[in-house]
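Structure first, commentary second.
The values are calculated or read from the model by the stated rules, or taken from the named source; none is laboratory data. It should be emphasised that the depicted structure is a prediction, and the values quoted were computed from it without experimental measurement. A quick note on method: Cβ atoms are made from the backbone with ideal geometry, for glycine too, and the neighbour counts reach across all protein chains shown. Ligands, DNA and RNA are excluded from the accessible area calculation, which covers all protein heavy atoms including side chains. Shrake-Rupley method; radii C 1.70, N 1.55, O 1.52, S 1.80 Å.
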Amino acid sequence: MDELTIPFLGAERAAWQYPFGALLRSGAMLAAGSDWPVSSPDPLQGIHVAVNRVPYGEDVPPFFPDQRIDLAAAITAYTAGSAYVSHFDDAGTIRPGARADLVVLDRDPFDGPEREIGAAGAAMTFTGGRCVHER
């Protein structure tokens, strides 16, 4: 961002990047994912950045901190939001009859400081209702 993107865009246009907080406040549905090679494929790292606007473990100023979103909104963007834009009406939430793909985390990300969200990891992963990973 600092070396390639912001110098190319300039300060004014750079401020328009990733306006997740403004979008959420306007009532927009957010969808999040990791489908390009410049960000981590780990959704917990993306959630951490959405909440903190700083990559996990880095001591740098937040990138446009007024665009932070809360943890519940970030998780919803990675689950229900992504299911919504993919037209998967039977996914994105935990409920009877829903597609049973989910991850059990090794900690509760709501029970601790926001700066530690990125430290969470997958303890178990279920696909189609079947455990496919267990740490």
Meets criteria (open to solvent by less than 80 Å² (accessible area, probe 1.4 Å), closer than 23 Å to Asp111 by Cβ and part of a helix (DSSP H, G or I)) for Ala83: no
Residues located in the range 28-45, provided they are open to solvent by less than 40 Å² (accessible area, probe 1.4 Å) and without any contact (Cβ under 8 Å) to a residue 12 or more places away in the chain: Ala28
Some residue of the range 51-72 being touching a helix residue (DSSP H, G or I) at 6+ places or on another chain (Cβ under 7 Å) and among the basic types (Lys, Arg): yes
Every residue from the range 75-134 that is among the β-branched types (Val, Ile, Thr) and over 21 Å from Tyr56 (Cβ atoms): Val85, Thr93, Ile94, Thr127, Val132
Matching residues in the range 1-22 - criterion: being over 25 Å from Gly81 (Cα atoms) and open to solvent by 50 Å² or more (accessible area, probe 1.4 Å): Met1, Asp2, Glu3, Leu4, Pro7, Phe8, Ala11, Glu12, Arg13
Condition met for Arg25 (exposed (fewer than 13 other Cβ atoms within 10 Å of the Cβ), within 25 Å of Glu12 (Cα to Cα) and either at pLDDT 95 or above or among the aliphatic types (A, V, I, L, M) (or both)): yes
Pick from the range 57-71, criterion open to solvent by 50 Å² or more (accessible area, probe 1.4 Å) and in a helix (DSSP H, G or I), ranking: nearest to Met1 (Cα to Cα): Pro65
Qualifying residues in the range 86-135 (those that are surrounded by fewer than 10 Cβ atoms within 10 Å (Cβ to Cβ) and at pLDDT 90 or above) - the one farthest from the chain's Cα centre (by Cα): Arg130
Count of residues meeting criterion [among the hydrophobic types (A, V, I, L, M, F, W, C) and part of a helix (DSSP H, G or I)] in the range 3-56: 14
